[in-house]
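S.K.: I'd like to ask some things about the structure below.
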Amino acid sequence: MSSIATRTGDNGTTGFLYGQRVPKDHPQIEAVGTFDELNAALGFAKATCSSPDTRDELARIQQDLVNLMGELACAESDAARYADSKFPKLADSDLARIDAAVAALEAQNIRFDGWATPGANLHAAALDLARTTARRAERRLVSLPAQGRNVRPLLGHYINRVSDLLWILARQAEM
């Protein structure tokens, strides 16, 4: 088995999907790293959750994020190559699933008054931590076109909706 410690990053660079080396603070690496943080935060929220349905949805979002990160982890010059690859990609159906989950929760008339103060319980706090990480990931994502990396609009729509879902899940967990 090969070692995780390749030492190729010792010079402050990391590799994109198809091998191009970039600085570790490259805007795309910052975006991918923030989505990775979100994936970990979702894992924590999942671990604190007692609802099998919510745990399943959080796990689906985690898989969606892996697909999203793959798309972001290649250079603009390789975007078409990635689009033509067999790698799984975020789809309109993934966004529709999140929209349906938000609508189902809103139909429950979950009560909230104004601004939420996280920390009512461990699970709600974990969901709010994931939500704020999702918002940071969204900010990193929307900054990429100005840095020369085009992003499919679906990715922005998806992460915006995921943060909405996490917010309402946190409010539900406070009940």
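Computed from the coordinates by the stated procedures, all read-outs in this text should not be read as laboratory data. Computed from a predicted model, the values in this text were never measured in an experiment. Because the Cβ atoms are built from the backbone with ideal geometry, glycine has one as well, and the counts that use them run over all protein chains shown.
S.K.: With +1 on the Cβ of every Lys and Arg and -1 on the Cβ of every Asp and Glu, and nothing else charged, how large is the dipole of the chain about its Cα centre, in debye rounded to the nearest 20? Before the final figure, lay out each step's value.
M.R.: Values: 20 positive and 22 negative charges, 59 e Å.
About 280 debye.
S.K.: Identify, among Cys49, Leu90, Thr14, the residue whose Cα sits farthest towards the positive end of the charge dipole of the range 1-119, taking +1 on the Cβ of Lys and Arg and -1 on the Cβ of Asp and Glu, with the dipole about the Cα centre.
M.R.: Result: Thr14.
S.K.: How many percent of Cα pairs in the range 30-175 exceed 23 Å?
M.R.: Within the range 30-175, distances greater than 23 Å cover 34 percent of Cα pairs.
S.K.: In addition: Does anything in the range 159-175 have its amide N under 15 Å from the 7 Å Cα→Cβ label point of Ala120, and if so which residues?
M.R.: The answer is 166-175, whose backbone nitrogens lie closer than 15 Å to the label point.
S.K.: So if I restrict to the alpha-carbon atoms in the range 90-151, what is the Rg, and what is Dmax, the biggest pairwise distance, in Å?
M.R.: 15.3, 42
S.K.: With a 10 Å Cβ neighbour count serving as the proxy for reagent exposure, in which order, fewest first, do Met69, Met1 appear?
M.R.: Listing Met69, Met1 from fewest to most nearby Cβ atoms yields Met1, Met69.
S.K.: Filter the GluC sites (Glu not before Pro) in the range 88-175 to those in DSSP coil with at most 12 other Cβ atoms within 10 Å of their Cβ, and list the result.
M.R.: Taking the range 88-175 and a limit of 12 other Cβ atoms within 10 Å, no loop GluC sites (Glu not before Pro) are found.
S.K.: Assuming 0.36 nm per residue, please report the length gained on full extension of the stretch Asp92 to Asp25 beyond their Cα-Cα distance. List each step's numbers first, then the result.
M.R.: Working: separation 67, 0.36 × 67 = 24.12 nm, distance 3.04 nm.
Stretched fully, the Asp92-Asp25 segment lengthens by 21.1 nm.
S.K.: Pairs of alpha-carbon atoms within less than 8 angstrom and 6+ residues apart define the contacts here; what relative contact order does the range 24-120 have, in percent?
M.R.: On the way: 41 pairs, mean separation 22.4, N = 97.
Once divided by the residue count of the range 24-120, the mean separation gives 23 percent.
S.K.: For the residues Val162, Val151, Val32, Val142, what sequence is obtained by ranking on other C-beta atoms within 10 Å, fewest first?
M.R.: By the 10 Å Cβ count, ascending: Val142, Val151, Val32, Val162.
S.K.: May I pose another question? Just to compare against my own numbers: the Cα pair-distance distribution for the range 39-91, 5 Å bins, whole % per bin, please.
M.R.: Values per bin, smallest distances first: 4, 20, 23, 16, 12, 11, 8, 4, 1.
S.K.: 7 Å from Cα along Cα→Cβ at both Asn67 and Arg81: what's the point-to-point distance in nm?
M.R.: 2.3 nm
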